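Since the structure comes first, as structure tokens, the remarks are kept for the end.
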Amino acid sequence: MAKFGLIGKDIGYSFSKSYFTSKFEADNLKHTYENFDIKSIEDFKKVITNQQNLKGLNVTIPYKEAVIPFLDKLNKKAAKIGAVNTIKFSKKGKLIGYNTDYYGFKKSIKPFLKTHHKTALILGTGGASKGVAFALKELKIEYKFVSRSPTGEANYTYSNLSEEIINAHQIIINCTPLGTHPNTNECPNIPYEGITNKHLLYDLIYNPSETKFLSIGHLKGAVICNGLKMLEYQAEKAWEHWI
């Protein structure tokens, strides 16, 4: 019986455990899936050491970048992206890192894209945003990063975003945890006045299904999409790597 699981912090809300448990039951597989809620990435070693029959792990906030030094090998795309959300245990016991976020995001956003969707703002510069950026690059969509502080990756900070900048970027993607249950009254601090019915607002959050960020976009006439389909697609791709 193989064991799989999720590495993250404060992950009681996570979709992965219920998704894979249901999948295993539907396919008559005796595998199990467990949440490994760790306070520090240093605890990752304990999970690997103490758990028997581990065959694969998902990785979520805030460890998608921090986990990389603990791995033996990275898939080529994961290396280019610089973030890992899927780990496979090889037959020789090696830990191989993959990124299936970019695949899930790319496949889930494509049905919503129109010809005028040429530029995007990515809110957040964490591990999830890297997969999103990689997918946008493959889709030939220009993108800029927005962060709380002027880091090397950030093109804008929230404090210097203007209505004109929002208006000029007709895809806006929330890669931050702002708005996740139970803090559903939170949302990224952007000039929502610049959003029009030409915009596509995409939120990687899936709980709640419509975040405050998406609700405001909907009121402005924008097309909105949450991250549930992305999660399903990335989970299926992770399973392909594990088997």
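A simple spin-label model places pseudo-atoms 7 Å from Cα toward Cβ; at residue 50 and residue 137 they are separated by 3.8 nm.
If you take all other residues with their beta carbon under 13 Å from the beta carbon of residue 236, and give Lys and Arg +1 and Asp and Glu -1, the sum is 0.
Here the 3J(HN,Hα) profile of segment 154-159, calculated from phi with Karplus coefficients 6.51, -1.76 and 1.60 at θ = phi - 60°, is 6, 8, 9, 10, 4, 6 Hz, Gly and Pro shown as x.
For residue 144, the lysines whose Cα falls under 23 Å of its own Cα, not counting residues fewer than eight places away in the same chain, are 64, 77, 80, 106, 107, 110, 114, 118, 130, 198, 212, 220. With the alpha-carbon atoms of the chain aligned to their principal axes, the span from lowest to highest coordinate is 54, 38, 32 Å, starting with the largest. Given their separation in residues at 0.36 nm each and the Cα-Cα distance between them, residue 80 and residue 30 gain 14.5 nm when the chain is fully extended. Between residue 243 and residue 43, the modelled label-to-label distance comes to 3.2 nm, taking each label 7 Å out from Cα in the direction of the beta carbon.
Mean-square fluctuations from a GNM of the chain, with a 10 angstrom spring cutoff on Cα atoms, peak among 175, 187, 225 at 187. With K and R counted +1 and D and E -1, the other residues having a Cβ less than 12 Å from that of residue 87 yield a net charge of +4.
Assuming charge only on the beta carbon of Lys and Arg (+1) and of Asp and Glu (-1), the dipole of segment 3-99 about its Cα centre is about 500 debye to the nearest 20. Computed extension length for residue 9-residue 23: 2.7 nm, one decimal, from 0.36 nm per residue of separation with the Cα-Cα distance subtracted.
Once label points are set 7 Å from the Cα along Cα→Cβ at both residue 73 and residue 90, what is their separation, rounded to one decimal in nm? Modelled inter-label distance: 0.3 nm. When the Gaussian network model of the chain links Cα atoms closer than 10 Å, the mean-square fluctuations of 26, 135, 120 top out at 26.
Seen against the Cα atoms of the chain and their longest principal axis, helix 127-138 is set at about 70 degrees. Counting charges near residue 202 (Lys, Arg +1; Asp, Glu -1) among other residues having Cβ under 14 Å from its Cβ returns a value of +2. Relative to the longest principal axis of the Cα atoms of the chain, the long axis of helix 228-242 makes an angle of roughly 30 degrees. Helix 16-26 and the longest principal axis of the Cα set of the chain meet at an angle near 60°.
DSSP assigns beta bridges within the chain; of those with both partners inside it, close to 20 percent run antiparallel.
Read the figures in this text as sums done on the coordinates, not as results from a lab. In this text the structure is predicted, and so the values were computed from the model without any measurement. Cβ atoms come from the backbone with ideal geometry, glycine included; neighbour counts cover every protein chain shown.
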